[in-house]
1. Among the residues of the range 202-232, count how many are open to solvent by 80 Å² or more (accessible area, probe 1.4 Å) and within 20 Å of W245 (Cβ to Cβ).
2. Applying the selection to the range 172-198, what residues are within 24 Å of N144 (Cα to Cα) and small (G, A, S)?
3. When you go through Y135, Y114 one by one, which is the residue that is over 20 Å from Y156 (Cα atoms) and part of a helix (DSSP H, G or I)?
4. From L258, L234, grab the single residue that is touching an Asp or Glu at 6+ places or on another chain (Cβ under 6 Å) and touching a residue at least 12 places away in the same chain (Cβ under 8 Å).
5. Considering only residues that are open to solvent by 10 Å² or more (accessible area, probe 1.4 Å), of a type in the set (A, V, I, L, M) and over 17 Å from the mean Cα position of the chain (by Cα), look in the range 177-201 and name the one that is modelled with the lowest pLDDT.
6. Between Y190, Y237, Y184, Y285, which is within 30 Å of I167 (Cβ to Cβ), touching a Phe, Trp or Tyr at 6+ places or on another chain (Cβ under 9 Å) and not acidic (D, E)?
7. Looking for something of a type outside the set (A, V, I, L, M), crowded, with 17+ Cβ neighbours inside 10 Å and more than 17 Å from the chain's Cα centre (by Cα) - is there at least one such residue anywhere in the range 159-168?
Amino acid sequence: MKFLLPLIFLAACSTTTNKSPTKSADKVSNNQFKREKPLLSSQVPDFYKTGVASLNPALQDETLDRYTKNEISNLKMTDDVLLDISLKCTQGDFKEAFQLASVHYNRYQKIPAYWNQVANCHLNSGSHRKALLFYNKALEVGPNYVPALNNIGVMYSRQGQDQKALIAFERANKQSRFSKTPRYNLARLYLTYGLTDLALPIFQSLLNESPKDVDLLNAVGTSHFLLSDFTRSLSFYQAIPQKEWKRAEIGLNLSLALNKLGKKKEALKVLESIEAPKTAKLKNYLKSIKAQLGEAE
């Protein structure tokens, strides 16, 4: 199912893109007044096919949210309207995304994935109230539509309302045990609150389906780390390509795991290769690890 972070909907418009006024009535054909027949859900594929391999392939058919910036930049426009809208929104081109949503309103108005995309774009642009409005529209068109339920959870999580997020993720997961994104988000939320015993089986089951997924290797490694199983934790971190160790969210825990196992020299080498963290949380974590390794600034 398409979980992509969707785009803003513009008021019901004609699919005509030519804005120039008609100079004479005899040049107006009947086709210009015809509305396109709405598509049915069965006519719209419910998974994405981007044609681009990802470092995090486990969920790539459900969401663009886990593609890297470089991977996103390599994605091209396709004949999949919903993918194109999501791509424009993910790239931050909200104006173009909304225009696409408006142009294709007549054909896609009965497709819950369309409204989900509209909501996602509102969410990405920072308009949470509008996002919720259109998620609910997706649920009106398709009751219990899993991507909308999941994305409501994402919205609440971004607002710091984790209890509401938990309810949304659990509801989405209950509606479809085969949808991977709600399971992933549920596990992330469990891990945030130290519920590692609940998070690990979910992450591991997803990793079993996609054993080279970098984010899942990191998540499983971190889960074992939090359970103080440093040897097992290290085995998952080391399964991640070394070029990815420079990412703070990966390298910091890897460095600490190495140190816990008495491999301080290796730990320092990894620590020195890490790119400057971009968030305050990771910056503070870096300082903490440097202090533990005797490298405090």
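The values are calculated or read from the model by the stated rules, or taken from the named source; none is laboratory data. Source: prediction; values computed, not measured. As a convention, Cβ positions derive from the backbone with ideal geometry for all residues, glycine included, and neighbour counts pool all protein chains shown. Quick note on the areas: whole protein, heavy atoms, side chains included, nothing else; ligands and nucleic acids left out. Shrake-Rupley method; radii C 1.70, N 1.55, O 1.52, S 1.80 Å.
1. Residues flagged as open to solvent by 80 Å² or more (accessible area, probe 1.4 Å) and within 20 Å of W245 (Cβ to Cβ) within the range 202-232 amount to 5.
2. Those that are within 24 Å of N144 (Cα to Cα) and small (G, A, S): A172, S176, S179, A187.
3. Values: Y135 fails: over 20 Å from Y156 (Cα atoms).
Selected residue: Y114, the only one of Y135, Y114 that is over 20 Å from Y156 (Cα atoms) and part of a helix (DSSP H, G or I).
4. L258
5. L191
6. Result of the check over Y190, Y237, Y184, Y285: Y184.
7. Initially, the range 159-168 is screened for residues of a type outside the set (A, V, I, L, M), giving 159-164.
Adding the requirement that they be crowded, with 17+ Cβ neighbours inside 10 Å leaves none.
No: zero hits.
Here's the yes/no breakdown for (1) aliphatic (A, V, I, L, M); (2) at pLDDT 95 or above:
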residue	(1), (2)
N124	no, no
L132	yes, yes
A172	yes, no
V214	yes, no
A239	yes, yes
